Amino acid sequence: MSTIDTTAINLKPAVSPPSWVTRASKQYLTFDSTVDKYFSNKEKSIKSPVLKKILKPIKSLAVMLTSYDFNHFINSKTPRARIAEPPLGALMLMMYIGLLGARAARGWQRGKPPGSAQGQKRDYREMLDVLRRDMWGITFYIFGFGVVNRLLVNRAQKRKKLILQNKEGKTYTFTQHDLNARLSSAQVLQAHYDKGNKQALLKAANNNSYMGVPQFIARRYPELRKQLADSVNVFRSALRNADFALATEQLEKLDTMRDSVVKQMSKNSTLTAKKLGRLTKQWPEYKDFLARYLQHKRIPMDVTSFGLLFVLIGYGPIWLNRVLTEHQYRKNNGMV
Amino acid sequence: MSVIQSLAKSAPTPPSSIPRHSPGAYGAAMGLGRASVVPSLANAAQLDLMRGLSSVFRPAAEIFIASIMVIDVFALWLPRVLGALFRGADKPKAPKDASTLTKATTYLKGLNWNNAWEETWREVCSGPALFFWPTILFSMARKGFGGRAVELKQPVLESLTERYSELTPSKGSKAKALDAGWHKLLPKVFTELETAPKEFKTFMDGWFKKFSQLLSEQPIGSKNKEYVRKLEQHEKALMDKVLDLNRTHNPKKRFYKYDHILASFGDKPSLKPVSEVFNTLVNFRDLVRTAKRKTAHESAALKPLLKGVYHRILRAKALYSVLSVGITLAFLSRLVFWAQKNNNYPANRHVPLGGQKSASGVAGGFKQWAKAPLIIPNFKEWAR
C-alpha cells in the first residue's frame, strides 16, 4: 500500500487561477520566448554541427517575427510625447502586410482591363513593380542594413586598430563613446591603452584638432596659448611613455585652464549665450578628446551605409522598375 | 577690464602671407615653433565637417525613430516621389504599329504629376503611421489601469511583481505594507549594493528615500513638467555616481559598460544600463500605486490583490498591443486606396501593354515576372 507524500501538498495561499484571457495575453506577449525555447530544445537534440548552423539564423528570424511586446518608449521634446517604438515582429507585420500587401492588392485591382473588354489580359505591371520595389526594400531595411553597417565598422576597426564595436559585433553609439571614452582617471586611460585603443589614443593625442589649441584661442590669448601648448606636449610624451598618472594630471591641468577661460568669457557682457555655446563646442573638454576621435572615426562608415541604403532601397528599385517596364513595352511592340 | 579682455587687446594678428594649411609654418608664425599644437585651417575645416556630420548621424544612429525617419525621407520619399514625377515624362520610341497607343496616352506630355501625387500621399502618410497609432494607443493605455506599468516587458513585469509580492509583509495596514514592500524591493533590485564600497551604499540610501518621495508626489501617469525635470535630475544623479564608481573601481572589468550597474528584476543579476533600471522602477511604481488605490475598495489579501493587478495590466497591455498592430494595419490598407484613387496605374501612361501575350490569373502574373529579362540597360537612352 502506497503512502501519501505530505510534503508535496501545496501550502501556498489560494490565488484564483488566471482566466483564459490572461493566459492568452501572456502567450501573445511572450510568443518570442516560447519560440526561442522551442528552437533551443531542438538545437540540443540536433547533433550535426551543420544543421545547428542552419538552425541558428532560422531561430533568430523566428524570434524576431514573433516579438509583439511593446516595451520601448522614447521621450520626445517636440512634440511632447512618449513615442512607442514597435517591436520587430509587430513592425514586420505592419510593413509586410500594411505596406507591401495592400499596395500589391491595389496594383492587382488596378490591373483589371477597362470595362468588360474581351480578350484583354490583366495588367500585372503595377503589382510586379510593388513586389520588386517593396519586398526587396523592406527586407533589406530590416535585415540587411545592420549587417552592412556592422561589416563596414568591423573592417575599419581592424584596419585602424581601435575599438568601435563590442564583442557581439554591435557598434557603439555616440553616447556610449561619450560615457566610456571620457578619460577622467588614470585607470580609465590605462584601460583604453590596454584593451585595444592604444593606437587611437596616440593618434588622437598627436592630432592638433583633438588635442591642441583652437586657432581663435591661440590668436586671442598668447600667454595661455603657450601654457596650453606646454601641457599638451607633456601629455603627448607622457602617453608615449605610458605614464598614465602624469598624462591624467596634464589633462586635468588643461581642463582647468580651459574652464577658467570659458568662465571669464561667460562674464563678458558682449558675449551672448548662443555665441558662448558655440565657443565651448569648438573648444570642448580635453578629457573628451578620445571620445570625439572615436565618434568621428565611425562617421565615414555611417555615411557609406546610409548611402548604400539610399541606392539599394531607394533609387535602385525605381530605376530597375523603369528599365523593365520600358523593355517590356519595346518587346511587346516588336522593337527588341 | 577683465584679464581676458586685456589679453584680447594685446593679441597678435597672424601675418597674412603665411600658408595657413601648413600647421608647422602657421604655428611658427604664431610663436609656437615647429611643434605647434594649433590645428591648420585644413584640419579645422575637417573637424567642422565631422562635427556637422555627427550632429546628423548621432540622432540617426541612436534614436530608432530618427533613423527610420531619415531613411523614410531620403531613401523612400524623395527617390520615389521624384521617380514617380519623371516616370513616363519622356515618351519612349514610337512602336512600329502606332495604333497600339491609345488616344489618351498620346496626348499626355511633361512631368507625371498624377503619379507623383499618388506616391507623395502614400509615402508621406505610411512611414509615420507605423509609430503614430501605437503612440496614441499607448498614451491612452498609460491613462488607464496600471499607468506606466503597461510599458514594462512582460517577463520583467511578472518577475518584479513576484519579488515584490514576496517582500510585502502580510500583516498590518495594507497601504503601509505595500509601501514597506517597495522600500524593501529597491535595494534588492540594485544587487550592486552587495559588493559596492560603503560610500556608494550611503549615497544609495539617500537616493532611495528621495526617489520614493518623488514618485509619490504626482498622480499616476503625470506629465507635469517640473516633475519630469526632477525625475530626470534624479536619474542623472544616479548615472553620475555609477559612472564614477565604475571608472574608479572597475575600469577594465566594465570596459565600455561604465553606465551599467549590477541589477536584478527578480531574475539572475546582470549588468544593465542605469537608464533601463531607473525607467523600469518608475514604471513599476505605478503598479504599486494602483494596488494601493485598490486596497481602499477590495478586501482581498495582498498577494491575490497584487496578482489580480498584474493580470489586469497584462490583459490591458496585450489588448493595446493587438490594437496598435490592428489599427495601423487597417489604416495602411485604406491609405493605399485613398492615395491611389485612379483606376489605372499612372506610372505607365506612355507605355501601354500593346501586344501583350501573357497567361491570365495570378500564376500568369508571376510567369510574366519570372520571364522579365535581367538586361543591362542602355544608360544613354535612360539618361535621355
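Each value in this text was obtained by applying a stated rule to the coordinates, not by laboratory testing. Owing to the predicted nature of the structure, the values given are computational and were not obtained by experimental measurement. FYI the Cβ positions are ideal-geometry reconstructions off the backbone, even for glycines, and counts take in every protein chain you see.
Could you work out the helix-only [θ] at 222 nm for chain A, with each DSSP H run of four or more residues adding -39,500 (n - 2.57) and the total divided by the number of residues, to the nearest 500 deg cm²/dmol? Please list the in-between numbers first.
Numbers: 17 runs with 205 residues, N = 336.
Value at 222 nm, helices only, nearest 500: -19000 deg cm²/dmol.
Given 20 °C and 1.002 mPa s, compute D for chain A with the Stokes-Einstein relation, Rh being the Kirkwood radius over Cα pairs; round to the nearest whole µm²/s.
Estimated diffusion coefficient is 80 µm²/s.
Kindly state, to the nearest 0.05, the FRET efficiency for A:S266 paired with B:S159, given R0 = 45 Å and r defined as their beta-carbon distance.
0.40
Can you work out the FRET efficiency for the pair A:N241 and B:A180, with r the C-beta to C-beta distance and R0 = 56 Å, to the nearest 0.05? If you can, show how the numbers build up before the last one.
Values: r = 57 Å, r/R0 = 1.02.
Efficiency computed from Cβ-Cβ geometry: 0.45.
Taking 0.36 nm per residue of separation and subtracting the Cα-Cα distance, what length does fully extending B:H297 through B:L78 add?
73.1 nm
To the nearest 0.05, what FRET efficiency results for B:W338 and B:S275 with a Förster distance of 41 Å applied to their C-beta separation?
Using R0 = 41 Å, I get an efficiency of 0.55.
Calculate, axis by axis, the spread of Cα positions in region B:234-348 along the three principal axes, and write the results as whole Å, longest axis first.
That works out to 69, 51, 26 Å along the principal axes.
Net charge around B:N343, counting only other residues with Cβ within less than 14 Å of its Cβ (Lys, Arg = +1; Asp, Glu = -1)?
Working: positive: A:R106, A:R110, A:K112, A:R122, B:K341, B:R349; negative: A:D123, A:E126, B:E118.
Here the count lands on +3.
Is there a quick way to get the dipole size of region B:142-285? I mean about its Cα centre, with the Cβ of Lys and Arg at +1 and of Asp and Glu at -1; what is the value in debye to the nearest 20? Each step should come with its number before you reach the end.
Working: 28 positive and 18 negative charges, 26 e Å.
Here region B:142-285 has a charge dipole of around 120 debye.
With +1 on each Lys and Arg Cβ and -1 on each Asp and Glu Cβ, and nothing else charged, work out how big the dipole of region A:206-287 is about its Cα centre, in Debye to the nearest 20.
That gives a dipole near 540 debye.
Students often get this wrong, so check it: of A:K59/B:K257; B:K184/B:K307; B:K143/B:K174, which have C-alpha atoms separated by over 30 Å?
none
Leaving out same-chain residues fewer than 8 places away, which aspartates and glutamates sit with a Cα under 17 Å from that of A:K158?
Reachable aspartates and glutamates: A:E168, A:D194, A:D302.
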